[in-house]
Structure formats: structure tokens, C-alpha cells
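The values are calculated or read from the model by the stated rules, or taken from the named source; none is laboratory data. All values reported here derive from a predicted model rather than from experimental measurement. Because the Cβ atoms are built from the backbone with ideal geometry, glycine has one as well, and the counts that use them run over all protein chains shown.
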Amino acid sequence: MEITEIQCQSILTRAGGYLHEVCSHSLNPYIGCGFGRSACGVGCYVRHNAWLTKGRDWGGFVEVKMNAPEVYLKTWEGEKRWANRRQQPFAVFFSSSTEPWQAVEKRYRLTRRLLEAMRACPPEELILQTHTTAMLDDIHLVAELSQHCRLRVHVSIEGDTERLPGLPPPPATVAGRVELLRQLSSAGIVAVACLSPLYPMKNPASFFEQIAQAGASAVVIDHFIEGDGTREGSRTWKTDLPRSMETVDPESTRLAYRDRIAAIAQKYLPVGISAAGFAGHYSKY
Ligand code: SF4
């Protein structure tokens, strides 16, 4: 793993593309991701971003934006005004193209320092997105911050399948991530399970019942088709993910599979679909 310390000019990126519907800004403390060679890295849409990878292997590099908290504090007020002028809340998605609690976070504590900066100068809305139970290191800070802004944590759990054939292991076990939902909810934090991208499921009814009992407020179901930044899922079709999914259930690579799973989820929890779900729009159940 190549780790580089860098200075950034800006840390709040005005949202475009599918994120436009979700937030006013994205915030990425790192460039690259230490989980890029785990299961989620196979279907990760960021790996296709040539501007960001600059030809490097996804999962082989991380750049650490050392001055990110200071830059946040310098720019948050102007960016909040920018969002509000557009009749939008100042809503930050943390993070859209990296994992805030990846392994290097233990060394740099950049995500923690950014959350501390936000405690002093909070956004109006904050979405924390994670794949890993390591965010429990900061659960008290997140709980405190949730008193200062509308905050929700998106926990990525692709489904109830621990490991797909031919793919590497995930950053955290399914049971560990369900437990993360439970602990967040017990701490009074809004926690949402994100099945993104949706994997073939063994027993969806039992899984949704389990996450509802863990205290999840909602579930987002996001298929790689319509979910990887292309209408047909063409980026993901170039990876090993669809082939692996088809060996478990050939139906799972069709968009109709998402709708079938969403209909089951609706018996247990409010359900959001793809970008609308990430934006916090859920159907009643
Ligand atoms: S943790 Fe997130 S950003 Fe990192 S490889 Fe997995 S999906 Fe991509």
C-alpha cells in the first residue's frame, strides 16, 4: 500500500451527478481506499474514475489530506451560504469515494478530526457512509454531533451473503455490520442499512427482520444496474461481480431482482431505492 501525505486546497466538493439529489457537498478525507482489494472494491464505481486513480491500481494507494479539518473550518461558512442560496440545506455526504474508517484512519485520525471540526461548525445535514465496524471508535463523537445537525449513518451491507464465489472477503462480516446498526441505534443515532450493490440473498425476509430488530430506521436497496453511475450498469459488467452473482442466482443481475427484494423489505422497514434512498426518501411500510 502506497500512503502519501498531501495538502488539499478544498475539502467540500459541490455535488454533481447522482449525488446532486442526495446532498449539497461530498467530503472525502482520503483519495483512494484501503478496502479496494476487498469484496466491495470489486464493484466499487470509484475504481473507474481515471482522474482519481491516475492509472494506479484501486486498493494500492491512499492519499491522506493532512490539512482537511483546517480547510473545512475555513470554508464551511461560504459553502453553507452557497447551498442555501440555491434553496438547499448544507448537506454533506461523508464519504462518496473513500472509506472514512479504513485502516489508515487508526494512524491519522483524519475522519475523527473532521468530525471534531464539524462539532464546532456543523453542516445542516450529515450522511456518514461506512463499510466497517471501525466507526465504533468514534460512536460517542457521532452521537454528540447528531445533537447539532440532522445526521444519519449509512451502513453498507450488500445482503445476507457473507462471501460471493471467487471474490475476496469483505471489509467486515455481515454479523459485525448488523451489530454496528444495533449499537448506533442504541446510541440514539439514525442508522440505515444500504444494500449497495445488492448481492443475491439467501433469506431476505429473515435478514430484513433481523436488521429491523437491530434498530435500523430504513433500508436502501441499490442494484448495480442504475446504481453504478450508468443506466445499464455497464461499468460493473466489466468486473467479476456480475459473474460471481450469477453463479449464486442468475436472476440477481436483473433489475427486477431489486424490485422483488424491495417488496419483501417493505414488510419490515421503510425502503429507499438507489439515489432517492441515499437522499433519505423512503416508502412507508
Ligand atoms: S469501502 Fe467504499 S470506497 Fe472503499 S473500496 Fe469499498 S466501496 Fe469502494
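Is at least one residue of the stretch 170-181 out of contact with any helix residue (DSSP H, G or I) (no Cβ under 8 Å at 6 or more places or on another chain) and of a type outside the set (G, A, S)? So far as the stretch 170-181 goes, yes, one or more of its residues are out of contact with any helix residue (DSSP H, G or I) (no Cβ under 8 Å at 6 or more places or on another chain) and of a type outside the set (G, A, S).
Inspect all residues belonging to the stretch 137-157 and state whether any of them is under 28 Å from I273 (Cβ atoms), in a loop (DSSP other than H, G, I, E, B) and within 16 Å of the ligand (Cβ to nearest atom). Within the stretch 137-157, one or more residues are under 28 Å from I273 (Cβ atoms), in a loop (DSSP other than H, G, I, E, B) and within 16 Å of the ligand (Cβ to nearest atom). Within the stretch 74-108, if we keep just the residues that are polar (S, T, N, Q) and more than 16 Å from the ligand (Cβ to nearest atom), the residue that is farthest from E21 (Cα to Cα) turns out to be T75. Just one of the numbered conditions (1) more than 16 Å from P122 (Cα to Cα); (2) in contact (Cβ under 8 Å) with a residue 60 or more places away in the chain; (3) within 16 Å of the ligand (Cβ to nearest atom); (4) of a type outside the set (D, E) is not true of A15: (3). Look at the stretch 66-94: where a residue is of a type in the set (K, R) and a partner is modelled with pLDDT of 95 or more, sitting 6+ places away or on another chain with Cβ atoms under 8 Å, you get K80/F90; K80/P123; K80/E124; R86/S24. Hey, does the stretch 235-246 have a residue that's closer than 27 Å to S24 by Cα and crowded, with 16+ Cβ neighbours inside 10 Å? Yes, some residue in the stretch 235-246 is closer than 27 Å to S24 by Cα and crowded, with 16+ Cβ neighbours inside 10 Å. Applying a threshold of 6 Å to beta carbon distances and a minimum spacing of six or more residues, or different chains, the list of pairs starting in the stretch 207-223 at a residue that is over 27 Å from T236 (Cβ atoms) and ending at one that is assigned to a helix (DSSP H, G or I) reads A214/V178; A214/L181; A214/R182; G215/R182; G215/S185.
Out of everything in the stretch 40-57 that is crowded, with 19+ Cβ neighbours inside 10 Å and assigned to a loop (DSSP other than H, G, I, E, B), what residue ends up being farthest from the ligand (Cβ to nearest atom)? Top of the filtered list is G43.
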